Structure formats: C-alpha cells, structure tokens
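These notes are about the structure you will find just below.
The values are calculated or read from the model by the stated rules, or taken from the named source; none is laboratory data. Please read these numbers as outputs of a predicted model, since none were measured by experiment. Counting neighbours? That spans all protein chains shown, and the Cβs are built from the backbone with ideal geometry, glycine included. For accessibility, only protein heavy atoms count, side chains too; no ligands or nucleic acids. Shrake-Rupley method; radii C 1.70, N 1.55, O 1.52, S 1.80 Å.
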Amino acid sequence: MTKNKIITALSFIFFIPSFSSQQLIFKDKNFEKAVLEDNDLNKDGKISASEADGVENLFLMGKGITSAEDVSYFKNVRMIILDQNNIRRISLKDMDKVQLISCAGSKVSVFTAENLKSLTSLYLDGNLIENISLKLTPKINQLTVSLNKIKTIDVSQLKYLKKLNLEHNLIEQLDISSNINLESLNIMKNPIREKDLKKGPANVTIFGFDQH
C-alpha cells in the first residue's frame, strides 16, 4: 500500500511540469499562425500554455481570423488588436489584465464583454454590431462603437466613462445620467432627438443633434 502511494505521488509530481507546458489546441488556424510569429519561444511550431501565459500584447490585424475564442488562452494579455478580420461574434470573459481591446472593421455583429476589470479602452468602430453587452467592465473610460447598427446600448455601469462615440448607428434613446465623468458624446448620424437623451450632472460636450 505504501509503495503504491509513493508511486502515485511521484506520478503527480512529474505530471505538473508536463501539464504546464502542454500544447494548446487552437480553433482558428489563422489565429494560431499569427500568434506563432512572435510567441513561439522554443521554435517548436506550437504554442504552449506557459508561452501563452507570457504574452502581454496580441497584435493580430488583418490575419484572416474568423473566431476570437482562442483569445481565452492568453490570461495575462494587456492589449488585444483584432482589426480588419472577419469575426462575427466576440465574447470575452474573465480576463483580469486586459486594458485595451480594438476590433475595428472586422464584421462583428455581436460583442459581449464580462468581468474585464482592468479594461479602459474599447474600440469597435466600423462593424455590423447590433447587440453589445458590457458587464463588470467598470474602468472603461473610452468607448468607440461608431459606424455600426446599434439601436440600444446600456452604459449606466461605466462610471469612469469620459469619451463615448456612437456616431452612425440607429440609436433612438440614450441614458447618460449615471456617467458622472463623461466629457464628450458623439451622437451624430443617429435618429435620436435631444428630448430622448437622459442627461446627468456631468457637463458633457455633445456632438450631433443638428447634424443627422
């Protein structure tokens, strides 16, 4: 019995480094190819979990990427750039260190972010977004979602929001009464009327009501 316990314990000890260096299986081969260019430290043609943990920036512009699911492997990333790809749906969750996300001109129609507690800047301009959900993203101070198809957007939880660009969407009503730090709002080229904007105490510079 004691011998079996020793063997089991030794097996567990030797299993740990094997697990930490396991090779990741990517769903999007173009994503994998792009990441390999700068982050394959041991030049084995694969990305391991330990290599992914060391990545702080993902610059993946115009790489033919169609899925953002593989982003979840990079828990320590601070900046994600996915501009000029072809990603229909993006859902990012539980990434504590990411501060900036940009996915402009990538044909996104649905965007969801949840529990991104360090995120301060989000750029999603020039997509096809109809639905956007931001939950537990309290530090966002700059949000750009111009040139989309958004009808409604809830920014009430974004207490640090300073700049909000909603130009060229389909918004008819907007509530910014909770955004006490908001400095500028671009609502140009939307069907919203001034009476359908619920303002708060912040002294906001607003662009757009006379320029539909």
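Residues considered: 109, 133, 177. Of these, the only one that is farther than 21 Å from residue 90 by Cβ and open to solvent by 30 Å² or more (accessible area, probe 1.4 Å) is 177. For the stretch 90-106, a residue qualifies if it is closer than 13 Å to residue 124 by Cα and open to solvent by less than 30 Å² (accessible area, probe 1.4 Å), and the qualifying residues are 90, 101, 102, 103, 104, 105, 106. Name the pairs whose Cβ atoms lie under 6 Å apart, with the first residue in the stretch 131-159 and within 15 Å of residue 178 (Cα to Cα) and at pLDDT 95 or above, the second of a type in the set (D, E, K, R) and in a loop (DSSP other than H, G, I, E, B), and 6 or more positions between them or separate chains? Within 6 Å, the pairs are 141/162. Taking first residues from the stretch 19-31 that are modelled with pLDDT of 95 or more and partners that are open to solvent by 70 Å² or more (accessible area, probe 1.4 Å) and in a helix (DSSP H, G or I), the Cβ contacts under 7 Å between residues at least 6 apart in sequence or on separate chains come to 27/69. Taking the criterion of being open to solvent by 40 Å² or more (accessible area, probe 1.4 Å) and at negative phi, the residues of the stretch 59-77 that qualify are 59, 61, 63, 66, 69, 72, 73, 75, 76. For the stretch 189-200, residues that are open to solvent by 40 Å² or more (accessible area, probe 1.4 Å) and either among the hydrophobic types (A, V, I, L, M, F, W, C) or closer than 26 Å to residue 104 by Cα (or both) total 2.
Every listed requirement among (1) more than 22 Å from residue 87 (Cα to Cα); (2) open to solvent by 70 Å² or more (accessible area, probe 1.4 Å); (3) among the polar types (S, T, N, Q); (4) modelled with pLDDT of 95 or more is met by residue 203 save one, (4).
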